[in-house]
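Data first, discussion second: the structure below is written as structure tokens.
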Ligand code: 5AD
Ligand code: SF4
């Protein structure tokens, strides 16, 4: 089976696509990069914003045309949009052969292989499957937070923490096969709890895995981030110095309407604590502009916070009303033009700050983990999560920590030479 997989949306989706790929490769299937080479085209979808759903619809439109000329290709839609709009997709696109919603994602690989009668094939033994250097492991599913704008609790269901032994075994097996960095994923990893193991305790268990070099995690919720976690980030050398801590807004009125359950003051205190405990920490965030009721003053508060906190990276989204959510019942009163303006102003500010931050990195030496080597170029990442490129072709660098002297810096990538 040759499969093409297209992923829209968050890191959770990337991870689920990655899991599918590793199961397929264990059964001897090959990943291809063009429709004309594929026996099956898989689209992993996202429902967080209307834009993500429109993107999926237009992709399905293109595949429909392709399938008219190449009727043997199978088309599979998986993920959040498949959960939310499965029957609508089926009605609109008769080219789609199989729909697997986010809640049923664990069965996706077998159900897809069943289309090719492959699930009866013998699985290759585990040790034959060579892993990428960086891998993702889902530690919890769903979400119980019901932020008033968010569709995730509806499409992914209730929050469930996966058993810690299962997680540690999975991580160990990835490391045995070559993984050196693992990112632990959940909608709110800070509320992980399985028996008496909380998130900080889980990190300790994962950190004990021999040969694992780095641990990352996402995403965090300011209402649940604990001192225990900050302490382990400061003391466990395998935990990377990066935190993605969605701020969403700096206006207490808007945070309340978003049902975020923290004040901006609490958010600022967390940033202060994190920076005091982990001086080289890189802090990234998510912001929504144009939430119902967001006045000019509310937005200015958020912009001011962006200027003072100086995030290392920032994702900004125009509020998009989602069916079933509490905010769907609120009046979407910020005009699109104004949402666009606030989006552009925030991005412009974030860019200015990024240029300032990266220019300070020039001349420094960074410890990086080598993730890939292609055409004489090494692709690696700093502990803070910035991409680094350097000339080098020694295979033995793969999965190793090396030091790179940074010569040139752009907002999204650094360039340097190995020392
Ligand atoms: N509109 C705009 N942005 C949203 N996000 C989640 N739901 C919405 C929505 N309805 C953003 C939040 C979240 C990120 C993953 O997506 O900022 O942190
Ligand atoms: Fe959505 Fe809030 Fe849950 Fe994040 S914490 S997935 S924003 S409901």
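Quick note: the coordinates plus some simple rules give every number you see, no bench work behind them. As the structure is a computational prediction, the values presented were derived from the model and not from experiment. Because the Cβ atoms are built from the backbone with ideal geometry, glycine has one as well, and the counts that use them run over all protein chains shown.
Per-residue answers, yes or no, for (1) touching a helix residue (DSSP H, G or I) at 6+ places or on another chain (Cβ under 7 Å); (2) more than 16 Å from ligand 2 (Cβ to nearest atom); (3) free of Cβ contacts under 8 Å to residues at least 12 places away in the same chain:
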{"site": "285", "(1), (2), (3)": "no, no, no"}
{"site": "299", "(1), (2), (3)": "yes, yes, no"}
{"site": "320", "(1), (2), (3)": "yes, no, no"}
{"site": "334", "(1), (2), (3)": "no, yes, no"}
{"site": "343", "(1), (2), (3)": "no, yes, no"}
{"site": "352", "(1), (2), (3)": "no, yes, yes"}
{"site": "360", "(1), (2), (3)": "no, yes, yes"}
{"site": "378", "(1), (2), (3)": "yes, yes, no"}
{"site": "387", "(1), (2), (3)": "no, yes, no"}
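Residues that are farther than 23 Å from residue 380 by Cα and either buried (at least 22 other Cβ atoms within 10 Å of the Cβ) or within 16 Å of ligand 1 (Cβ to nearest atom) (or both) within region 174-202 comprise 186, 187, 188, 189, 190, 191, 192, 199, 202, listed in sequence order.
Comparison of 292, 279 shows that the only residue that is under 23 Å from residue 143 (Cβ atoms) and either away from ligand 2 (no atom under 13 Å from the Cβ) or surrounded by fewer than 20 Cβ atoms within 10 Å (Cβ to Cβ) (or both) is 292.
Entry remark, region 29-68: residues being within 16 Å of ligand 1 (Cβ to nearest atom) and either out of contact with any helix residue (DSSP H, G or I) (no Cβ under 8 Å at 6 or more places or on another chain) or touching a residue at least 60 places away in the same chain (Cβ under 8 Å) (or both) number 7 in total. Per this entry, residue 325 is not counted among residues that are out of contact with any helix residue (DSSP H, G or I) (no Cβ under 6 Å at 6 or more places or on another chain) and closer than 26 Å to residue 230 by Cα. Checked against (1) within 14 Å of ligand 2 (Cβ to nearest atom); (2) touching a strand residue (DSSP E or B) at 6+ places or on another chain (Cβ under 9 Å), residue 223 passes all but condition (2). Looking only at region 215-243, filter to residues that are within 16 Å of ligand 1 (Cβ to nearest atom) and in a loop (DSSP other than H, G, I, E, B); which one of those is nearest to residue 182 (Cα to Cα)? Restricting to residues being within 16 Å of ligand 1 (Cβ to nearest atom) and in a loop (DSSP other than H, G, I, E, B), the top hit is 219. Inspect all residues belonging to region 18-33 and state whether any of them is part of a helix (DSSP H, G or I) and either within 16 Å of ligand 2 (Cβ to nearest atom) or farther than 30 Å from residue 133 by Cβ (or both). Scanning region 18-33, I find no residue that is part of a helix (DSSP H, G or I) and either within 16 Å of ligand 2 (Cβ to nearest atom) or farther than 30 Å from residue 133 by Cβ (or both), so the answer is no. Residue 385 fulfils the conditions (1) more than 13 Å from ligand 1 (Cβ to nearest atom); (2) under 23 Å from residue 271 (Cα atoms); (3) in a strand (DSSP E or B) except for a single criterion, (3). Restricting the search to helices (runs of 4 or more DSSP H) fully inside region 90-203 and requiring at least 2 residues that are within 16 Å of ligand 2 (Cβ to nearest atom) and in contact (Cβ under 8 Å) with a residue 60 or more places away in the chain gives 152-156.
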